[in-house]
Amino acid sequence: MNSRFEIEIDPELEKNLKSLKHLRELPRGTQVDSRIAAIQALLKDKEIFRTIHSMRWPEGVVCPRCASTHVVKREPPQEAEDQRWFFECLSCKGQGRTSAFDDLTGLPFAETISAIRQWVLCWYLLGFCSISQISKVLGISPDVVMQLAQMGANITVLPKKEDVLSHTFLLNSSKQKSEGFFKKKLEQTEKDELMTRSESVGKFKPGPKSKY
């Protein structure tokens, strides 16, 4: 099944995306301040989510759990609040596994729109800014900028076949290129679950649930 989906043409969006690409690809060190300001002005929700979609699926949409191309686009759920696309993996569905996913499923920065916006802005600035410049613009430490950059390097990584059934891909891939960041995320999740359980009396309370 073809995993490339028809994209509705939005002239303004397409124009803005071309402008963003041009700004990112100009020579490093030229008109840095004005380019930063222009990128910030152009990055609205549609531009942010189309950028992520294009980056994550450069060869067409595939299942982030099993790497199958047997994927269909589905309508956004009623509670959807942003511009991401939603899909269903027919291979996972046929084997009784979780089949629904979207452009952000499995990505470590997909908690809030502000976190997503920060990551995409960082990605555009990495084309021509230094780590210290990005750190100043985003108001974060150079170490966090490096972690965001590593997430960009990981965005198209797919699961290994031997990991599909055990669902350990996301943890394994994190160890390969951004172990420090993922380790902190895992430790924080475990801490949150421990606090949730320690506050209960008798049976454990359910821990935090993923929206995906």
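The values are calculated or read from the model by the stated rules, or taken from the named source; none is laboratory data. Fair warning: this is a prediction, and the values are worked out from it, not measured in the lab. FYI the Cβ positions are ideal-geometry reconstructions off the backbone, even for glycines, and counts take in every protein chain you see.
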Please name all residue pairs, on different chains or six or more residues apart, with Cβ atoms under 6 Å, provided the first residue is in segment 109-138 and is touching a residue at least 12 places away in the same chain (Cβ under 8 Å) and the second residue is of a type in the set (D, E, K, R).
Tyr124/Arg24; Gly127/Arg24; Phe128/Arg28
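Within segment 61-91, take every residue that is in a loop (DSSP other than H, G, I, E, B) and of a type in the set (S, T, N, Q) and give me the one that is surrounded by the fewest Cβ atoms within 10 Å (Cβ to Cβ). Can you show your working first?
Within segment 61-91, the first condition is being in a loop (DSSP other than H, G, I, E, B), and the residues that meet it are 61-70, 75-85.
Then drop every residue that is not of a type in the set (S, T, N, Q), which leaves 68-69, 78, 83.
Working: Ser68: 18, Thr69: 16, Gln78: 5, Gln83: 18.
My answer is Gln78.
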Restricted to segment 108-165 and to residues being acidic (Asp, Glu) and farther than 20 Å from Gln83 by Cβ, the residue modelled with the highest pLDDT is Asp143
Against the definition (in contact with a strand residue (DSSP E or B) (Cβ under 6 Å, 6 or more places away or on another chain), in a loop (DSSP other than H, G, I, E, B) and in contact (Cβ under 8 Å) with a residue 12 or more places away in the chain), how does Arg97 come out, yes or no?
no
Within the set of pairs 6+ apart or on separate chains, which have a first residue in segment 140-157 that is within 15 Å of Cys129 (Cα to Cα), a second that is aromatic (Phe, Trp, Tyr) and at pLDDT 90 or above, and C-beta atoms under 6 Å apart?
Leu148/Trp119
So if I check each of Pro11, Pro58, Pro27, which one is loosely packed, with under 14 Cβ neighbours inside 10 Å, under 22 Å from the mean Cα position of the chain (by Cα) and of a type outside the set (D, E, K, R)?
Pro58
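For segment 42-60, give me each residue that is in a helix (DSSP H, G or I) and closer than 13 Å to Thr105 by Cβ. Quick ask: steps written out before the conclusion?
Within segment 42-60, the subset in a helix (DSSP H, G or I) is 42, 45-56.
If the condition is that a residue be in a helix (DSSP H, G or I) and closer than 13 Å to Thr105 by Cβ, then Ile52, His53, Arg56 are the ones that fit.
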